[in-house]
Amino acid sequence: MTTPRSWLTSANDSPFGAHNLPYGVFTAADRPGRRRIGVRIGDFVLDAGAAARTVGESSDLLDAETLNPLMGAGRPIWTEVRAALTRWLTEETHRDALTPLLLPLADVELHLPFEVADYVDFYASEHHAANLGRILRPGSEPLTPNWKHVPIGYHGRSGTIVVSGTPVMRPHGQRKTPADASPSFGPTRRLDIEAEVGFVVGTPSRLGTPVPQDRFHEHVFGVCLVNDWSARDIQPWEYIPLGPFLSKSFTTSLSPWIVPLEALEGARITPPARDVEPLPYLDDRQREPWGLDLAMEVRLNGHLISRPPFGAMYWTAAQQLAHMTVNGASLRTGDFFASGTVSGPEPDTRGALIELTWNGEEPLKLPDGTTRTFLEDGDEVTITATAPGPNGTTVGFGEVTGRIAP
């Protein structure tokens, strides 16, 4: 398979070349009150709806103010639209007509690209789960007895999902350490990150009809980056017996670009070997693999602090979707589920500060001479990722960034 080359030559060696073409939503100075669907190509954004009209093709789905209508149209339409966009950006005959519709990335404002329906967060990294078990339950088995039998997850709050760049407010809640006689109330003192990968659902499903693993590709529109901010001193007091609540629901940040599944065909890998026999609906040993070879980087105030490997995740997104619907729960266009913290086996591959600093016992040393256990006001965290593309190319995801507001 040949790699498509764009007439926009500056994009051809970019992680955002014609082999990627992620979707986003933007506003620009020429029409500041109108959100438009854009497709990233190199360091530019193509006004997708205007491009369709210019070349004389249907623009209804690309003229929307969110990706939801396109996402809800289903896999055959996604394939058709992607093929059209590729054609417009690679065939020389379209250069003159479409060049005026390319806006410099620096000149646009990016928005949350889809309207979020429901949000589910998983806990799919064995390394992360084991580390937290060692930290929070010393002397016990690191993993809970159910962990290798069932993809652990919880339902989050869709209304507090925000786009990259949105300031993060330090949440208030109840805090209690084992040494405290009673809980206190106030802002979290242990604000943390969780470097994750998110999956956006396009095609809905019918209530009472599970979505098996081999239909994952029919329902999931694309992939993005996630920072699921967490309050580590609020969490342990509230999460027993029902799980995370205020410690997670205050903010979840998403990258503004949704990378289509088709762009990640070259990144698909076999997940790690499982040492517990999965139940049939979770068994993927004879199925097409849905592990993804994503290389993530986490920076705190510009300093690289971790490189979490997504390929090490125990549970795949296809298994997560199958489990999420096996009880008959329906999918809606705009449903969103996240992987849970991505962590690897080495100390510098951990995807949360609670692991990187071992619950504050081993502070991070930053180049400016300061140290961190958890986040301080004014700190900025940026998560980026890339994946292998066709014929030696690289697929970029952009970044998800958040600064802690004072």
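The values are calculated or read from the model by the stated rules, or taken from the named source; none is laboratory data. Everything numeric in this text was worked out from a predicted model, so none of it was measured. Backbone-built Cβ (ideal geometry, glycine too); neighbour counts: all protein chains shown. Protein only, heavy atoms only, side chains kept; ligands, DNA and RNA dropped before computing areas. Shrake-Rupley method; radii C 1.70, N 1.55, O 1.52, S 1.80 Å.
Quick rundown of the values:
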read-out	value
Subset tally (residues that are closer than 19 Å to Thr349 by Cβ, of a type outside the set (Ser, Thr, Tyr) and out of contact with any Leu (no Cβ under 7 Å at 6 or more places or on another chain)) for region 372-398	1
Every residue from region 326-353 that is more than 20 Å from the chain's Cα centre (by Cα) and in contact (Cβ under 8 Å) with a residue 24 or more places away in the chain	Val326, Asn327, Gly328, Ala329, Ser330, Pro345, Asp348
Unmet criterion (only one of (1) open to solvent by less than 10 Å² (accessible area, probe 1.4 Å); (2) under 23 Å from Val200 (Cβ atoms)) for Ala11	(2)
Members of region 127-182 found to be among the hydrophobic types (A, V, I, L, M, F, W, C), touching a helix residue (DSSP H, G or I) at 6+ places or on another chain (Cβ under 8 Å) and part of a loop (DSSP other than H, G, I, E, B), listed by number	Leu143, Trp147, Val150, Ile152
Candidate set from region 172-193 (those that are farther than 30 Å from Arg307 by Cβ and among the polar types (S, T, N, Q)); member that is most open to solvent (accessible area, probe 1.4 Å)	Gln174
Test: Val150 is more than 30 Å from Leu21 (Cβ to Cβ), open to solvent by less than 40 Å² (accessible area, probe 1.4 Å) and not hydroxyl-bearing (Ser, Thr, Tyr)	yes
Residue check, Gly156 under 23 Å from the mean Cα position of the chain (by Cα), closer than 21 Å to Phe337 by Cβ and of a type in the set (Gly, Ala, Ser)	yes
Residue count for region 214-269, restricted to those that are open to solvent by less than 10 Å² (accessible area, probe 1.4 Å) and polar (S, T, N, Q)	6
Number of positions in region 331-373 that are of a type in the set (Phe, Trp, Tyr) and open to solvent by 10 Å² or more (accessible area, probe 1.4 Å)	1
Criterion violated by Val45 - all others in (1) in contact (Cβ under 8 Å) with a residue 60 or more places away in the chain; (2) surrounded by fewer than 17 Cβ atoms within 10 Å (Cβ to Cβ) satisfied	(2)
Segments classed as strands (runs of 3 or more DSSP E), wholly inside region 295-406, with at least 1 members that are of a type in the set (Ser, Thr, Tyr) and under 30 Å from His172 (Cα atoms)	303-306, 380-388, 394-403
Scope region 92-110; condition crowded, with 16+ Cβ neighbours inside 10 Å and either part of a strand (DSSP E or B) or among the basic types (Lys, Arg) (or both); matching residues	Leu102, Leu103, Val108, Leu110
Matching residues, region 302-338, being of a type in the set (S, T, N, Q) and touching a helix residue (DSSP H, G or I) at 6+ places or on another chain (Cβ under 7 Å)	Ser306, Gln319, Thr333
Out of Leu101, Leu70, Leu8, Leu105, sole residue that is under 27 Å from Ser164 (Cα atoms) and out of contact with any Phe, Trp or Tyr (no Cβ under 9 Å at 6 or more places or on another chain)	Leu101
